[in-house]
Amino acid sequence: MDKKMLKQAQQLQSKMLKAQEELGNATIEATSGGGAVTVVMTGHQEVISIKISPEVVDPEDVELLEDMILAALKEATQKSRELAEKKMGALTGGLNIPGF
């Protein structure tokens, strides 16, 4: 590998590490039940918080609340993946590089 290619690889690695850091600092919010359940997660798909409106807490219908939480988590995860693909895809030109 010549010096120019090595330098380009190092620059790409540096940009990818920066993008990974940015993803860790990014937050994604998703809601379900018309805003009754809100999930916030990072770009690394780490859940930061879950907020539930008190009016949707019905001891007689726990299943509905479970479904709303699951729906918000799925949406937040999808948004997080899309953000990661956008950030990393811009750097790799769409190549699937393991570990990134």
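So here's what we get for this one:
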{"read-out": "Verdict on ALA36 being buried (at least 17 other Cβ atoms within 10 Å of the Cβ), modelled with pLDDT of 90 or more and out of contact with any Ser or Thr (no Cβ under 8 Å at 6 or more places or on another chain)", "value": "no"}
{"read-out": "Qualifying position, being within 26 Å of LEU91 (Cα to Cα), touching a helix residue (DSSP H, G or I) at 6+ places or on another chain (Cβ under 8 Å) and in a helix (DSSP H, G or I), among GLU75, GLU22, GLU29", "value": "GLU22"}
{"read-out": "Flag if GLU75 is on the phi < 0 side of the Ramachandran plot, acidic (Asp, Glu) and surrounded by 14 or more Cβ atoms within 10 Å (Cβ to Cβ)", "value": "yes"}
{"read-out": "Long-range neighbours under 7 Å by Cβ, at least six apart or interchain, first residue part of a strand (DSSP E or B) within segment 41-57, second of a type in the set (D, E, K, R)", "value": "none"}
{"read-out": "Lone unmet requirement of (1) surrounded by 13 or more Cβ atoms within 10 Å (Cβ to Cβ); (2) free of Cβ contacts under 8 Å to residues at least 40 places away in the same chain; (3) part of a helix (DSSP H, G or I) for MET16", "value": "(2)"}
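The values are calculated or read from the model by the stated rules, or taken from the named source; none is laboratory data. Here the structure is a predicted model, which means the values were calculated and not measured. Here Cβ is always computed from backbone atoms with ideal geometry, including for glycine, and neighbour counts include all displayed protein chains.
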